[in-house]
Amino acid sequence: QVQLVESGGGLVQPGGSLRLSCAASGRTFTDYCMGWFRQAPGNEREFVATISGGGALTSHADSVKGRFTISRDNAKNMVYLQMNNLKPEDTAVYFCAAARGGYLWSDYVQSRRYNFWGQGTQVTVSS
């Protein structure tokens, strides 16, 4: 059982930066792979990034590689998404999610692998 709360969203100009945070509650946080997904109005929910339980493995969507970085601090039960060089097409509601371990690493780009979801935080990139 994991509860997730995102924060850090807001309005930023193109080229700007934001850091999203996800606070997790639960006694087995390290057992979960964590992911970030986003959904813009009229669009499907899409994968952004994921990180393994111990933090050794990360994966980022092609659209954000080189600009976004996922990280975690298991001592604090926190997951982060550092977003740099933001573009208007990054505008979306961003969701933090937790997935049970044990699947193939490549499976964690699929939203159906995630068991718990936060409420989402709005990121708007506009000039």
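The values are calculated or read from the model by the stated rules, or taken from the named source; none is laboratory data. Computed from a predicted structure; not experimentally measured. In this analysis, Cβ positions are derived from the backbone assuming ideal geometry, glycine residues included, and neighbour counts consider all displayed protein chains. Each accessible area value is taken on the protein alone, full model and side chains, heavy atoms only, with ligands, DNA and RNA left out. Shrake-Rupley method; radii C 1.70, N 1.55, O 1.52, S 1.80 Å.
Per-structure values
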quantity	calculated
Of residues in segment 69-90 being part of a strand (DSSP E or B) and not hydroxyl-bearing (Ser, Thr, Tyr), the one surrounded by the fewest Cβ atoms within 10 Å (Cβ to Cβ)	Asp73
Residue in segment 90-97 that is out of contact with any strand residue (DSSP E or B) (no Cβ under 6 Å at 6 or more places or on another chain) and under 26 Å from Gly10 (Cβ atoms) present	no
Segment 54-72 residues that are touching a residue at least 40 places away in the same chain (Cβ under 8 Å) and over 16 Å from Cys96 (Cα atoms), paired with ones that are open to solvent by less than 70 Å² (accessible area, probe 1.4 Å) and not in a loop (DSSP other than H, G, I, E, B) (beta carbon under 8 Å, 6 or more apart)	Leu57/Ile51
Yes/no for Val64 being surrounded by 17 or more Cβ atoms within 10 Å (Cβ to Cβ), in contact with a helix residue (DSSP H, G or I) (Cβ under 9 Å, 6 or more places away or on another chain) and within 20 Å of Val5 (Cβ to Cβ)	no
Matching entry among Arg27, Arg45 (being without any contact (Cβ under 8 Å) to a residue 12 or more places away in the chain and open to solvent by 40 Å² or more (accessible area, probe 1.4 Å))	Arg27
Members of segment 91-127 that are more than 21 Å from Phe29 (Cβ to Cβ) and open to solvent by less than 50 Å² (accessible area, probe 1.4 Å)	Thr91, Ala92, Val93, Val123, Thr124, Val125
Residue within segment 91-107 that is over 13 Å from Leu4 (Cα atoms), assigned to a loop (DSSP other than H, G, I, E, B) and at pLDDT 95 or above present	yes
Qualifying positions in segment 1-24 - in a loop (DSSP other than H, G, I, E, B), modelled with pLDDT of 95 or more and buried (at least 18 other Cβ atoms within 10 Å of the Cβ)	Gly9
Out of Asp107, Asp90, Asp62, sole residue that is within 13 Å of Ala49 (Cβ to Cβ) and more than 14 Å from the chain's Cα centre (by Cα)	Asp62
